[in-house]
Amino acid sequence: MRLATKSTVPGEFVQVVHHDRCIKCKRCVMGCGFNALEFTDRVMPGENPCVACHFCTDHCPQQCIQIHERPYAQAGHDVWSPAMQKRIVRQAESGGVLLSAMGNDRPWTVLWDNLLLDACQVTNPSIDPLREPMELRTYLGRKPERIEVETGPDGKPKLKTKIAPQLRISTPIIFAGMSLGSISLSAQKSLAMAAKKIGTLWNTGEGGLHEDLQDYADCAIVQCASGRFGVHEGYLRNSAAVEIKIGQGAKPGIGGHLPGRKVSSDIAGTRMIPIGSDALSPAPHHDIYSIEDLRQLIYALKEATEYEKPVGVKIAAVHNVGAIASGIVRAGADYVYLDGFRGGTGAAPTVIRDNVGIPVEIALAAVDERLRKDGIRHEASIICAGSIRSSADVAKAIALGADAVAIGTAALITLGCHVCQQCHTGNCSWGITSQRPELTRRLDPSVRAEMAANLLEGWTEELKEILGALGVNAVESLRGSRDRLRGVNLTKESLDVLGVKHAGE
Amino acid sequence: MRHRWDWSKEISGCGLAGLISRRGRKVSGEVPIRAIANLHDRGNGLGGGFAGYGIYPDYADHYALHTMYYSDQAQDLTEDLLRGHFSIAHSEFIPTRPTEGIGDAPNLWRYFATPRSTRSETEGEADTVMKTVMRVNDEIEGAYIFSSGKNMGAFKAVGFAEDIGRFYRLEEYEGYIWTAHGRFPTNTQAWWGGAHPFCLLDYSVVHNGEISSYGINRRYLEQFDYKCTLQTDTEVMVYLLDLLIRRHGLSIEMACEVLAPPFWKTIDRPDMDPEEAELLEALRITYAPATVNGPFAILFGHSRGLVGFNDRIKLRPMVAAEKDDMLFISSEEAAIHIMCESPDRVWTPQAGHPVIGWLDESVTS
């Protein structure tokens, strides 16, 4: 039984306003999506606790507002930490499941930070990317095992092998799936515009394709998830590729729930559901209870798109991911999208977000190795996602075997996100994960698309520098080349699974 | 299996020299010895070797298996295996002479043999030879088959290349293709198996450079049952050529497009023939893991000719020359003038474009 409408757990942050500099413009008060500020005769902390989204601080013309951690000293205890106590109190008050957003925030080891890249010295020259070509173009999709060539009537060699449909991207970085509903139309449009500008892909997530984004369908991966929201013939046929979403790194084995209050007419129309109705994505696809069922859906989608679009499968990285991925490839998937346990979400049970799944570094290494052992690595590309934070993470993922990476949280940060982890509340002051018009209209796609594109350009340039230092001038020469990585402070078991030697070996 | 030489990758700089008589005129092994002696300073005495084609006319239809043994047991195990799968027409010590500068040699033995039967209907003679070479090199400790083609042979050791040539008495051999290699490994551990050429069946490769894509090339080859046991980057080159040409049926020119693919900006050029662009794109995306990246100049010998080939931005030197039916290729022009006093034409081949000398069909048939 819920005992209180409002939790007694104190907020973690508090705003400190320097009133001597404040000009009382109230921009901060009006900007706050959480009603965490109010104006009486001056700006004061408001009804709700501050979440540290920093919309107010970043928009204050006088820079006179700061956000501090609220002092709340407790007797020190490493096991019963304040955070742990607060969770228990919240559940004692509500009897419910605690929700969180973004990715796993627990201090698990980030293996990317224990892997170091190689560089050339003396015996082979490094290459200057400003002087020499440096190629990042990537093709995602099924490749043949071999190429057959025939001689044409003019005596010239001609391609005999039929090549399966490919996704050609200018850089091995794409945007992760984030549905309309989990993020706003302005946010989705920003990513779509950035993807088109750079020559890469964005991903509709499982919420359908809004009619305003039809111009960006040709660079969109469209998802077909367990709720089948927004899936129709045109949606599949106008896409760059179709993705069957089985799972998500932040909540493996868990479905989704977009509350009815977020289902506006835009979202209802796009998802093809009534306005205001809850949009429930079941935990499993109710027509996929086995690998042979997945094969049927893969081929149903290939039939629907006349074998002109790659069909990929997105899964969460779980313990037996190597065997699962092998089955998925044998079932006909053209790419496998691996989402690690640090991957983001609009909403997930905290207990699942923080405790289920495995690191994507491990999952990627296991899947790449398994597909090679099975002799089917060429049959599908691997996309790696779930906390790719920098171009260094991209390079390390490629060296472990990824064809490309997908970025979600990093992309949202370019749109203004400050990782306050309140996406599930629908109050995002930045207008990214909210559906409230007064909040979403402040996100200007023409500006934010440039910033998202800038990030891709910046990382792409950095990747070229990394490749140049490695002495290779094409990304395929780093892909799966694990001897260009060395581990530090990793256990022998981790190194074995990663297929990487320790530094100095 | 761990060997005392089991480091992950041997890196080296080197000197190369090679020649072919397109009409199949035989040239004494003395010629490549003198050429590579001229490039003495490109090696450091830690390895060298030669490959000659047309050198075994008496056993031209047999696979010449050149083998090095580090123990009697290794030899016994290998010979048991060979006797199980091959008819051996003749076997003998590879003739050598004591030579200053050449240290303790493993037992060097050669067999002229033919596979007795293949293991399945789809497996050809060459597959049996390849599998036997992989099995011996991987599974029998201290035994290495370092040359396995017909009417050709590789000769390699630790030392300066010209001393190695004398050690193997190469002046007593005559061939219509020769390649030679003097080695400058930057890792001081050197062993006989790690010297060039690297060979499988009729294919031999001598290489100057370092393969920066070794890791993925090796992992790619493992999917096709190639085992990189010699732990030297050049090894992947000869296996890739065998995979692409013999097993996947690509032409030598096509295989070169795979190893050093044209840049995308070349494939994208508006004046590129669309069908050619389609083929090049398909080759690049299918064989991306077979792209050999990093500096290299190689001489690739095979039963139909000799190929000289550079990486696509030419990070290692290579010079070619012609005189009548002869083609000469070397790291430096000086070595060419040792092999041929007054060539008709001397040129520097373009990066990523092979120079191919074909034997006349009358020689190969």
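Numbers below:
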| read-out | value |
| --- | --- |
| 222 nm mean residue ellipticity, helices alone, for chain A (DSSP H n ≥ 4; -39,500 (n - 2.57); rounded to 500) | -8500 deg cm²/dmol |
| Extension gain, A:Glu12 back to A:Ala73 (0.36 nm per residue minus Cα-Cα distance, nm) | 20.8 nm |
| Percent of Cα pairs exceeding the 14 Å cut-off, where the set is the range A:287-342 | 54 |
| Positive-end extreme of charge dipole, the protein assembly as shown - chosen from A:His424, A:Val321, A:Leu180 (charges on Cβ) | A:His424 |
| Rg/Rg_globular for chain A, with Rg_globular taken as 2.2 N^0.38 Å and Rg from C-alpha atoms | 1.02 |
| Of all DSSP beta bridges in the protein assembly as shown, antiparallel share, percent nearest 5 | 75 |
| Debye log10 I(q)/I(0) at q = 0.18, 0.23, 0.25 Å⁻¹ for the range B:31-133, Cα point scatterers | -1.02, -1.30, -1.40 |
| Chain B - mean residue ellipticity at 222 nm from DSSP helices (-39,500 (n - 2.57) per run, n ≥ 4, rounded to 500) | -7500 deg cm²/dmol |
| Over the range A:13-96: Rg over Rh, Cα atoms, Kirkwood Rh | 1.09 |
| The range A:298-447: radius of gyration and largest Cα-Cα distance (Dmax), Å | 17.5, 54 |
| Relative compactness, the range B:107-178, computed as alpha-carbon Rg over 2.2 N^0.38 Å | 1.34 |
| For the range B:138-144, Karplus couplings with θ = phi - 60° (6.51, -1.76, 1.60), whole Hz, Gly/Pro x | 8, 9, 9, 5, x, 10, 9 |
| Long-range amide H partners of A:Lys501 with built H, under 5 Å | A:Gly487 |
| Of B:Asp311, B:Asp271, B:Asp58, the one that fluctuates the most in a GNM where chain B has Cα springs shorter than 10 Å | B:Asp271 |
| Cα centroid of the range A:425-500 to Cα centroid of the range B:286-323, whole Å | 36 |
| Sparsely packed GluC sites (Glu not before Pro) within the range A:296-330, loop by DSSP, other Cβ within 10 Å at most 11 | A:Glu306, A:Glu308 |
| GNM flexibility winner over chain B from B:Glu332, B:Glu278, B:Glu125 (Cα, springs under 10 Å) | B:Glu278 |
| Within 10 Å of each Cβ in B:219-226, the average number of Cβ atoms from other chains | 4 |
| Cα coordinate range in the range B:227-290, projected on the principal axes (Å, largest first) | 44, 21, 16 |
| Over 21 Å between alpha carbons, listed pairs A:Lys162/A:Lys464; A:Lys196/A:Lys251; A:Lys396/A:Lys501 | A:Lys162/A:Lys464; A:Lys196/A:Lys251 |
| Estimated dipole of the protein assembly as shown in Debye, rounded to 20 [Cβ of Lys and Arg +1, of Asp and Glu -1, Cα centre] | 2760 |
| Built amide H within the under 5 Å cut-off of A:Glu243, gap 5+ | A:Val222, A:Gln223, A:Cys224, A:Gly312 |
| Packing rank of B:297-304, B:168-175, where each peptide gets the mean count of other beta carbons within 10 Å, highest leading | B:297-304, B:168-175 |
| Relative contact order computed over chain B (Cα-Cα under 8 Å; 6+ residues apart), in percent | 25 |
| Whole-number percent relative contact order across the range B:106-262, with pairs defined as alpha carbons under 8 Å at least 6 apart | 19 |
| Chain A, relative contact order in percent, only Cα pairs under 8 angstrom and at least six apart counted | 19 |
| Convex hull volume per residue in cubic angstrom - Cα atoms of the range B:17-364 | 136 |
| Alpha-carbon Rg/Rh ratio, for the protein assembly as shown, with Rh computed the Kirkwood way | 1.06 |
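Only the coordinates and a few stated rules stand behind these numbers; no lab work does. Please read all numbers here as calculations on a predicted model, not as lab measurements. All Cβ positions, glycine included, derive from the backbone under ideal geometry; neighbour counts span all protein chains shown.
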